[in-house]
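The values are calculated or read from the model by the stated rules, or taken from the named source; none is laboratory data. Remember, it's a predicted structure, so these values are computed and weren't measured experimentally. Every residue, glycine among them, receives a Cβ derived from its backbone with ideal geometry; neighbour counts consider all protein chains shown.
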Amino acid sequence: MSLSRKGFLKMLGLGALAAGSKAYGLPSKALEEARAAAKKLKITDIEIFLFDIPLTSPFRIAIGEMKAANDLLVRVITDQGVVGLGEACPFPPITGETQATNAAAARSIREMLIGKDPLAIDSLLREIGPLVHSNPSAVAAFDMALHDILGKVAGLPLFRLLGGTKTTFETDITTSLDTLENMTAESKKYADMGYKTLKVKVGLDPDEDFARLSAIRAAIGRGVAIRIDANQGWTVPQSVYALRKMEPLAIEFCEQPVLASDTAGLRAVRLQSPIAIMADEALFGPADAIKLIRAEACDTFNIKVMKAGGLLNSIRIAHIADAANMRCMVGCMLESKLALTAAAHVVASQANIVYADLDGNSEHVTDPIIDGMTVKAGVLTLPEKPGLGCDVDPAFVKTLRKI
């Protein structure tokens, strides 16, 4: 049976039902043919682009600095005209990847996926899964694109397909490391924009970090929450000293105060800190979640799609945390609104993901994404379109280098 893209999407039972059409009124033969067409869906081509977006100013954390988002854009194309979009956002100081290593991995993954069923997400990710250890962002891009196709074929926004119901939630916005004066002014600007929660980077000298946080708290008042992220910058004694000193500043939680490899140190800080501890760099995939829970090393998890290797692993981590009665946050690197929207679908689909840090594009010089999530005064609203619900501006794509 040969179908146009429009006809294919219309005839699929789930897609028609989600669109509110009279799916049950279709003749059983037509439904059977549509379902058969879905089963025959194949990946015919995969386009990979170098997806570079400059930043308005360098983004600095305790362990490194980034001057641009040097990403990859992936377009997975099927024989029925359904196209899935994905983005890889390597962050060398954290994941050890670069755009070049992601590009090499993406080329290999492309060869593995051509001719395969894009709806067989679990089996495809198991096939390309070994690459997640060295290039989790590259794997995440393909995972994202496959989920985009799944949502489009089903005719549902991805978060609804995953069982979620919340269409809006709050996200924080991040103040990166800088001088006391600059960090205070930036934080005040965000508070004036209506953000109810700020994330402030720390992880240098504990006394200097305290001075910066004190100035920020004085500038924004007590009505705005502050969470901090040390990005592995402190030792165990420094962490305990800093967090005890910062207790009067009403800090919501502290992300990754010590080295990611120091699970025992993270647990020691947690036991002595008056401020809750969130694992970030120590948590990449589901196995890490199990290890951290067994060690009782943290109070909460920061799940990042780029660390986890995609949406499926991110959801698995949330499920593991939920079984341990643990709450989670979904964070980000420096992604465009494409990958941020994908991460937002994960947040909306899981009840125990109660925090969001989806501001990776806040310092981008340009926003090449059409539709997708919107953020106003810290309130994120998800799109109701099928799949991820966003696209990349064709004019911008024409400027990109295809590999």
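Given the criteria in the same structural domain as Asn231 (by TED's automatic domain parsing), part of a strand (DSSP E or B) and within 23 Å of Gly163 (Cβ to Cβ), does Val346 qualify?
Values: in the same structural domain as Asn231 (by TED's automatic domain parsing): yes; part of a strand (DSSP E or B): no; within 23 Å of Gly163 (Cβ to Cβ): yes.
Here the answer is no, as Val346 does not meet what is asked.
Identify all residues within region 368-382 that are in contact with an Asp or Glu (Cβ under 9 Å, 6 or more places away or on another chain) and assigned to a loop (DSSP other than H, G, I, E, B); write none if there are none.
As a first pass, look at region 368-382 and keep what is in contact with an Asp or Glu (Cβ under 9 Å, 6 or more places away or on another chain): 368-372, 375, 378-380.
Listed by number, the residues that qualify are Pro368, Gly372, Gly378.
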Consider Arg270 against the criteria (1) under 30 Å from Ile220 (Cα atoms); (2) out of contact with any strand residue (DSSP E or B) (no Cβ under 7 Å at 6 or more places or on another chain): it satisfies all of them except one. Which criterion is unmet? (2)
Assuming Pro58 fulfils every condition listed in (1) modelled with pLDDT of 95 or more; (2) in contact with a strand residue (DSSP E or B) (Cβ under 8 Å, 6 or more places away or on another chain) apart from one, which condition is it? (1)
Output the qualifying pairs, or none if there are none: Cβ atoms under 9 angstrom, residues six or more apart or on different chains, first residue in region 385-403 and on the phi > 0 side of the Ramachandran plot, second residue surrounded by 13 or more Cβ atoms within 10 Å (Cβ to Cβ) and among the polar types (S, T, N, Q). Gly389/Thr341
Restricting attention to region 115-172, and to residues there that are outside any helix (DSSP H, G or I) and of a type in the set (Gly, Ala, Ser), which single residue is nearest to Phe284 (Cα to Cα)? Ser134
Go through region 325-356 and give me each residue that's of a type in the set (D, E, K, R) and surrounded by fewer than 24 Cβ atoms within 10 Å (Cβ to Cβ). Arg327
With (1) modelled with pLDDT of 95 or more; (2) of a type outside the set (S, T, N, Q); (3) within 19 Å of Lys307 (Cα to Cα) as the list, and Leu119 as the residue in question, which single condition is left unmet? (3)
Only one of Ala68, Ala103 that is among the hydrophobic types (A, V, I, L, M, F, W, C) and part of a strand (DSSP E or B): Ala68
Scan of region 126-150 for residues that are over 16 Å from Cys390 (Cβ atoms), among the β-branched types (Val, Ile, Thr) and crowded, with 24+ Cβ neighbours inside 10 Å, ordered by number: Val139
Within region 217-238, can one find any residue that is surrounded by fewer than 24 Cβ atoms within 10 Å (Cβ to Cβ), touching a strand residue (DSSP E or B) at 6+ places or on another chain (Cβ under 6 Å), of a type in the set (D, E, K, R) and not in a helix (DSSP H, G or I)? yes
